[in-house]
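Trainee: Here you go, one structure.
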Amino acid sequence: MIELEDRALVQQTLDGNLRAFEAIVDRYQKPVFNIALRMLRNADDAEDVAQVAFLKAYENLRSYKPGFKFFSWLYRIAMNESLNFLRQRRPFERMEEAREAAVLTDEVETAEVAQQIEAALMRLTVDQRAVVVLKHFEGFSYLEIGQILNISEKKVKSRLFAARQILRGVLVKKGFGSND
Amino acid sequence: MISEEIIDLVNKEIDGVASSEEAARLKSVLATDPEARKLVGEMQALATAMSAVQKVQPPPTLKPAIMRSLEAVDSHRVPLTARPSILQAFKSSFLWKPGYAFACGLAVGVLLFFLTTNLLTRQSIGDSELSGTLVLHGQVPGFAPGETIEINRDNVKGNIETHFGSNVCMIRLRVEAPEEVTVSILTDPARVHLDAVRPSSESGARLTVGNGVLTLVGARGGAIVALFGGNGHPIPPAQIRIMSTGKPVFEGVLSLEKGN
């Protein structure tokens with residue numbers, strides 16, 4: 001149902017109805033912003049990336065193929081923009097990690113577990129983080145993640161499993177999940 | 001030591017994609033293996049912790065900003081469906097202007113010949129060509145920009161740009177600083193050839209290159225260009241450090257392979 005509605009909104013946008021794209025923004029601004037936020041850990045940067053992602057989606061709407069789920073296509077743009085952003089600033093990432101972590105936890109979330117997860121995510125490579133964000137926070141299947149990131153399902157699994165091992169190690173050190 | 005098979009099964013179980021056979025196999029392992037039970041407990045705790053992370057509401061400024069940018073784009077163009085694609089435009093031209101098709105085909109043929117011959121011959125850069133580094137930037141076919149890293153710390157501003165060609169990576173470094181800066185680039189001399197030039201206006205700066213190490217001491221501004229030839233091997237990452245008044249203003253590892 002949502003896919004059909006998305007396609008209708010896309011077609012209306014292509015016919016020149018900007019209000020139809022506004023409905024797409026209403027529908028997807030939250031997940032797109034959250035993808036960027038989980039990847040970047042900075043609300044201002046995430047807002048910028050989300051804005052660029054929607055603009056690029058609008059400008060490239062003619063290239064969207066209806067056989068593909070619209071939200072997967074949109075998330076792919078958002079994820080690519082996040083990865084591009086991270087790659088450009090990568091050398092600074094470690095230096096600014098502590099400051100950004102403080103900003104996010106102070107302003108956006110307070111739960112201790114969530115804070116630990118957010119911090120632990122930054123221990124992952126950006127490729128691993130992308131898979132974890134799409135799997136755990138957006139609930140995509142291995143196949144859908146592969147389509148969004150343009151990698152094989154096998155690679156999705158291997159990155160996800162490796163990421164979990166790292167996250168598990170970090171969280172166990174902090175006292176989470178130790179049953180024995 | 002937990003085997004790869006068990007780790008795989010645990011992950012599938014956590015994701016809810018384990019088949020009935022896999023679930024039964026995991027169950028039998030868990031009955032006898034305390035280490036595997038511990039792993040499952042920790043993985044389940046991880047999944048629970050992940051679910052504790054709530055989605056954040058986007059700032060109220062996001063949607064208005066998006067719509068403003070879309071309206072700005074729209075004000076400069078015709079409706080999306082009214083624009084013919086480039087292919088359609090070519091097709092319609094060729095239908096009644098065969099001369100264009102011939103001229104275009106000829107131009108593409110010449111371009112392909114030029115690209116092919118250059119890509120085949122320029123597998124690496126030798127010493128004799130290094131004086132032509134700056135010229136190469138504009139002339140090597142397929143030379144595409146990589147990433148740009150901005151430098152802005154302690155009054156030192158500038159950027160580092162990478163450009164990729166066939167088996168070549170070029171780094172262009174621009175620095176503006178009130179005090180002298182020292183730049184050092186380290187790479188593997190066994191796998192790359194490294195050389196550099198600096199602007200002649202930077203007469204006070206001392207540039208030394210050798211054994212995979214480049215240093216530029218006493219620079220106050222301008223740009224240097226470093227060129228890496230992979231000699232047929234993948235180009236490994238390079239470490240870059242920029243110091244000013246004894247303090248690092250930039251440190252990083254730069255990927256020098258296209259697409260990394």
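The values are calculated or read from the model by the stated rules, or taken from the named source; none is laboratory data. Only a predicted model underlies this, so the values are computations on that prediction, with no experimental measurement involved. With ideal geometry, Cβ positions are generated from the backbone for all residues, glycine too; neighbour counts draw on all protein chains shown.
Yes/no matrix, rows are residues, columns are (1) facing another protein chain (nearest Cβ under 8 Å); (2) on the phi > 0 side of the Ramachandran plot; (3) free of Cβ contacts under 8 Å to residues at least 12 places away in the same chain:
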{"site": "A:Glu22", "(1), (2), (3)": "yes, no, yes"}
{"site": "A:Ala50", "(1), (2), (3)": "yes, no, no"}
{"site": "A:Leu55", "(1), (2), (3)": "yes, no, yes"}
{"site": "A:Lys65", "(1), (2), (3)": "no, no, yes"}
{"site": "A:Phe70", "(1), (2), (3)": "no, no, no"}
{"site": "A:Ile77", "(1), (2), (3)": "no, no, no"}
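Trainee: Kindly evaluate B:Arg25 against the criterion of being surrounded by fewer than 16 Cβ atoms within 10 Å (Cβ to Cβ), part of a helix (DSSP H, G or I), under 36 Å from the mean Cα position of the chain (by Cα) and among the charged types (D, E, K, R).
Mentor: On the way: surrounded by fewer than 16 Cβ atoms within 10 Å (Cβ to Cβ): yes; part of a helix (DSSP H, G or I): yes; under 36 Å from the mean Cα position of the chain (by Cα): no; among the charged types (D, E, K, R): yes.
It is false that B:Arg25 is surrounded by fewer than 16 Cβ atoms within 10 Å (Cβ to Cβ), part of a helix (DSSP H, G or I), under 36 Å from the mean Cα position of the chain (by Cα) and among the charged types (D, E, K, R).
Trainee: Of everything in the stretch A:111-163 that's of a type in the set (A, V, I, L, M, F, W, C) and not in a helix (DSSP H, G or I), which residue is nearest to A:Ala36 (Cα to Cα)?
Mentor: First, pick out the residues of the stretch A:111-163 that are of a type in the set (A, V, I, L, M, F, W, C): A:111, A:113-114, A:117, A:119-122, A:124, A:126, A:130-134, A:137, A:140, A:143, A:145, A:148-149, A:151, A:156, A:160-163.
Adding the requirement that they be not in a helix (DSSP H, G or I) leaves A:111, A:122, A:124, A:140, A:151.
Numbers: A:Ala111: 20, A:Met122: 13, A:Leu124: 15, A:Phe140: 16, A:Ile151: 19 Å.
Taking the candidates together, the pick is A:Met122.
Trainee: Mind listing whichever residues of the stretch A:1-17 are surrounded by 14 or more Cβ atoms within 10 Å (Cβ to Cβ), facing chain B (nearest Cβ under 8 Å) and either hydrophobic (A, V, I, L, M, F, W, C) or at positive phi (or both)?
Mentor: We begin by selecting, within the stretch A:1-17, every residue surrounded by 14 or more Cβ atoms within 10 Å (Cβ to Cβ); these are A:6-7, A:9-14, A:17.
The next check asks that each one be facing chain B (nearest Cβ under 8 Å); those that pass are A:13-14.
Of everything in the stretch A:1-17, just one residue is surrounded by 14 or more Cβ atoms within 10 Å (Cβ to Cβ), facing chain B (nearest Cβ under 8 Å) and either hydrophobic (A, V, I, L, M, F, W, C) or at positive phi (or both), namely A:Leu14.
Trainee: Tally the residues that are small (Gly, Ala, Ser) and surrounded by fewer than 15 Cβ atoms within 10 Å (Cβ to Cβ), restricting the search to the stretch B:28-40. Full working, then the answer.
Mentor: Going residue by residue through the stretch B:28-40, those that are small (Gly, Ala, Ser) are B:28, B:31, B:36.
Subset that is surrounded by fewer than 15 Cβ atoms within 10 Å (Cβ to Cβ): B:28, B:31.
Number of matching residues: 2.
Trainee: Could you count how many residues in the stretch A:152-167 are surrounded by 19 or more Cβ atoms within 10 Å (Cβ to Cβ) and either more than 11 Å from B:Met43 (Cα to Cα) or charged (D, E, K, R) (or both)?
Mentor: Residues in the stretch A:152-167 being surrounded by 19 or more Cβ atoms within 10 Å (Cβ to Cβ) and either more than 11 Å from B:Met43 (Cα to Cα) or charged (D, E, K, R) (or both): 6 in total.
Trainee: Further, regarding this structure: Does the stretch B:18-39 contain at least one residue that is within 30 Å of A:Asn42 (Cβ to Cβ) and of a type in the set (Asp, Glu)? Talk me through it step by step, then tell me what you get.
Mentor: Kept after step one, since they are within 30 Å of A:Asn42 (Cβ to Cβ), are these residues of the stretch B:18-39: none.
No, the stretch B:18-39 contains no residue that is within 30 Å of A:Asn42 (Cβ to Cβ) and of a type in the set (Asp, Glu).
Let's see how each residue does on (1) without any contact (Cβ under 8 Å) to a residue 40 or more places away in the chain; (2) out of contact with any Asp or Glu (no Cβ under 6 Å at 6 or more places or on another chain):
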position	(1), (2)
A:Ala130	no, yes
A:Tyr142	yes, no
A:Gln147	no, yes
A:Glu153	yes, yes
A:Lys157	yes, yes
A:Ile166	no, yes
A:Leu171	no, yes
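Trainee: Can you report the number of residues in the stretch B:28-64 which are assigned to a helix (DSSP H, G or I) and either facing chain A (nearest Cβ under 7 Å) or free of Cβ contacts under 8 Å to residues at least 12 places away in the same chain (or both)? Steps first, please.
Mentor: Pass one, the stretch B:28-64, residues assigned to a helix (DSSP H, G or I): B:28-32, B:34-51, B:62-64.
Now drop any that are not either facing chain A (nearest Cβ under 7 Å) or free of Cβ contacts under 8 Å to residues at least 12 places away in the same chain (or both), which leaves B:28, B:30-32, B:34, B:37-38, B:41-43, B:45-46, B:48-51, B:62-64.
The number of residues fulfilling the criteria is 19.
Trainee: Consider A:Val113 against the criteria (1) at pLDDT below 90; (2) more than 10 Å from chain B (Cβ to nearest Cβ); (3) buried (at least 17 other Cβ atoms within 10 Å of the Cβ): it satisfies all of them except one. Which criterion is unmet?
Mentor: If we test A:Val113 against (1) at pLDDT below 90; (2) more than 10 Å from chain B (Cβ to nearest Cβ); (3) buried (at least 17 other Cβ atoms within 10 Å of the Cβ), just (2) comes out false.
Trainee: If you scan the stretch A:144-167, which residues turn out to be basic (Lys, Arg) and more than 11 Å from every other protein chain (Cβ to nearest Cβ)? Please lay out each step first, then the result.
Mentor: Step one: filter the stretch A:144-167 for residues basic (Lys, Arg), giving A:154-155, A:157, A:159, A:164.
Matches in the stretch A:144-167: A:Lys154, A:Lys155, A:Arg159.
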